[in-house]
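Participant: One structure coming up, written as structure tokens, with questions to follow.
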Amino acid sequence: EDFMKKLIFLAAAALLSATAFCAEHTLGLGITFPVSSLNFKDSDDEFDEDITQTGVGVDLTYLFISDSGFTGKADFAFEKISASDFEENPDEGLNWVFDFGIGYTFLRDEKFSISALGMFGFSLGAYNWYDDPVTESLLMKTLDFGVDVVGKFKFTNHLGAFANLGLRYSIDAGSKYEVEFRASAHEEDFDIDLKTQGFRFIPTLGVSWTF
């Protein structure tokens, strides 16, 4: 957690310092449609589950493009996710994503731009099963590495639209499977540490405001 805090602080400091040389800032609000393929495995290989997730969410994007073409980006997304691979389907899960990156805008004019960036981020997701008196939870924490390609079109000097295609490789950052048993005469909890890895494909469409 301390490492993540330091990393986020350094990324924020880099983005803020870079904005002093920016020619263009853009805020975007979009709808994202993530698709992911993940594997969960415990240390003894007794728990080994492959799932394919689909979802829909809201994405808030900040993008800056300097006069030289140097580009920075930060995203926060909140997603509702589901998976049909479980033997017993849980309620739909939730996922939070924060990532940032730097890259280059290689095509740009007064109306249109295309940027490519290397991205790094953190994801936190959860599924829950309720079957009284038992509650089961799958908590997913991953570090995500990958690339984004962003296209932006301006209808006016400020209002526009954007499209983003993202690809991530995810590695474990502390995933767990947890079980809680609550009955009048007995209470019991246990959890299993999991190793998580997989890929995420993240298309996003939205509106943008450039200033």
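The values are calculated or read from the model by the stated rules, or taken from the named source; none is laboratory data. Bear in mind the structure is a predicted one, so any value in this text is a computation, not a measurement. Note: ideal-geometry Cβ built from the backbone for every residue, glycine included; neighbour counts use all protein chains shown. Keep in mind that these areas ignore ligands, DNA and RNA; they rest on the heavy atoms of the full protein, side chains included. Shrake-Rupley method; radii C 1.70, N 1.55, O 1.52, S 1.80 Å.
Participant: I want to confirm something. Restricting to region 29-40 and keeping residues that are more than 14 Å from ASN95 (Cα to Cα) and open to solvent by less than 20 Å² (accessible area, probe 1.4 Å), which single residue is nearest to the chain's Cα centre (by Cα)?
Facilitator: Across region 29-40, the extreme among qualifying residues is GLY30.
Participant: Also, I was wondering about something else. Of the conditions (1) out of contact with any helix residue (DSSP H, G or I) (no Cβ under 9 Å at 6 or more places or on another chain); (2) open to solvent by 40 Å² or more (accessible area, probe 1.4 Å), ARG168 satisfies every one except a single condition; which number is it?
Facilitator: (2)
Participant: Answer yes or no: is there a residue in region 147-165 that is farther than 20 Å from ILE31 by Cα, out of contact with any Cys (no Cβ under 9 Å at 6 or more places or on another chain) and surrounded by 14 or more Cβ atoms within 10 Å (Cβ to Cβ).
Facilitator: No: region 147-165 contains no residue that is farther than 20 Å from ILE31 by Cα, out of contact with any Cys (no Cβ under 9 Å at 6 or more places or on another chain) and surrounded by 14 or more Cβ atoms within 10 Å (Cβ to Cβ).
Participant: Assuming SER184 fulfils every condition listed in (1) among the hydroxyl-bearing types (Ser, Thr, Tyr); (2) at pLDDT below 95; (3) in contact with a strand residue (DSSP E or B) (Cβ under 9 Å, 6 or more places away or on another chain) apart from one, which condition is it?
Facilitator: Result: SER184 fails condition (3) only.
Participant: Additional query: Can you name the residue in region 41-69 that is among the hydrophobic types (A, V, I, L, M, F, W, C) and part of a strand (DSSP E or B) and, of all such residues, is surrounded by the fewest Cβ atoms within 10 Å (Cβ to Cβ)?
Facilitator: Looking at the filtered set, the residue picked out is VAL56.
Participant: Please go through region 137-160 and pick out each residue that is more than 22 Å from VAL35 (Cα to Cα) and either in contact (Cβ under 8 Å) with a residue 12 or more places away in the chain or among the acidic types (Asp, Glu) (or both).
Facilitator: Correct list: LYS152, PHE153, LYS154, ASN157, HIS158, LEU159, GLY160.
Participant: For region 37-84, give me the residue count where each residue is in contact with a Gly (Cβ under 6 Å, 6 or more places away or on another chain) and small (Gly, Ala, Ser).
Facilitator: 2
Participant: Now, a different point. Considering (1) more than 18 Å from LEU63 (Cα to Cα); (2) basic (Lys, Arg); (3) modelled with pLDDT under 95, say which one ARG200 fails and leave the rest.
Facilitator: (3)
Participant: Exactly one of (1) modelled with pLDDT under 90; (2) crowded, with 16+ Cβ neighbours inside 10 Å; (3) touching a helix residue (DSSP H, G or I) at 6+ places or on another chain (Cβ under 8 Å) is unmet by PRO90. Its number?
Facilitator: Unmet condition: (3).
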